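A short write-up of the structure that comes next.
Bear in mind that the values in this text are calculations on the coordinates, not laboratory data. What you are looking at is a predicted structure, and each value in this text was computed from that prediction instead of being measured. For neighbour counting, all protein chains shown are included, and Cβ atoms are generated from backbone atoms with ideal geometry for every residue, glycine included.
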Amino acid sequence: MTGRRPPAPAPTPFRAGRRLLCACALAALAGACKGEPPVTGSLGPSDYRARHPIVLADGTRSLDVFPTGPGHLDPRQAEDVDAFMLEYRRFGRGGMLMEVPQGLPPARAAATGRTAGHVLARAGQDGVARRDIVSNPYPVAAPTLAAPIRLSFERMQAKVADACGTWPQDIGASDYGVDNSNKPYWNFGCSTQANFAAQIADPIDLVRGRQEGRIDSVRRIRDVGQLRDGKDPSTQWRQDGQTSVKAQVGN
């Protein structure tokens, strides 16, 4: 008969500490394999460009045209319509929608109708066919207020991925951890990114650069000829009269 196996000795404090030390070393090695720590909580990355990235997405471009006088386009709004039609020809998707206010007093309704006719005529001059513009009425909530003719179309735009104005944490002293972390608050930089995206004419410029233009072959041949003759091919600037700025503005 075999006897019972003696019970295992209880771990000593030295063995328990050594096991804990080994576990901590393994955790440190595993953490060193990652170049960027994971994002936890609602603060997210510290860089505002990573918190509020600019993305390419479909959006609506719109223009409000206000009838003036008996129903014509003033020079300012005529230029706005021309620029809007040019943008539609370059970037527009689908058709263009023209919403005309409905429910106005007779005089204003007649002026609005004439203005809408001028807009369509202007669009034809800008190269936008009449069949590409769909006209729909929309009800006016307050007849006493200005009711514009609304032009809109869909196109790809550059915009911020999330909405600005989000405050997930209290930036005051109520949250000690957030207040003393020395990190930017979540909404920091969102408006700057949104304004920058709104100024981009062609969103494709954010994805890749433009192709190189044609070279000036005449200038290149002349410069190469000057280099062969041992001359300086740089441009010689000349200012007629050599008039200084101080002489123009006085003392």
*Amide H of Met96: which non-local residues (sequence gap of 5 or more, or other chain) have their own amide H closer than 5 Å, using H built in the peptide plane?*
Ile133, Val134
_Residues Glu87, Glu99, Glu79, Glu212, sorted so that the one with the fewest Cβ neighbours within 10 Å comes first_ = Glu212, Glu79, Glu87, Glu99
*Quick one: order Met98, Met85, Met156 by neighbouring beta-carbon count within 10 Å, fewest to most.*
Met156, Met98, Met85
*In what sequence, highest mean first, do 147-154, 197-204 appear when ranked by Cβ atoms within 10 angstrom?*
147-154, 197-204
*Would you work out if segment 127-220 is rounded, prolate or oblate? Take a ≥ b ≥ c from the square roots of the eigenvalues of the alpha-carbon gyration tensor; rounded if a/c is under 1.5, else prolate when a/b is larger than b/c, oblate otherwise.*
oblate
*Rank the residues Thr235, Thr112 as a footprinting-exposure proxy: fewest other Cβ atoms within 10 Å of their Cβ go first.*
Thr235, Thr112
*Cα gyration tensor category, rounded, prolate or oblate, for segment 38-167 with a/c compared to 1.5*: prolate
*asked:* How long are the semi-axes of the equivalent ellipsoid of segment 182-225, taking √(5λ) for every eigenvalue λ of the Cα gyration tensor, in whole Å from largest down?
replied: 43, 14, 8
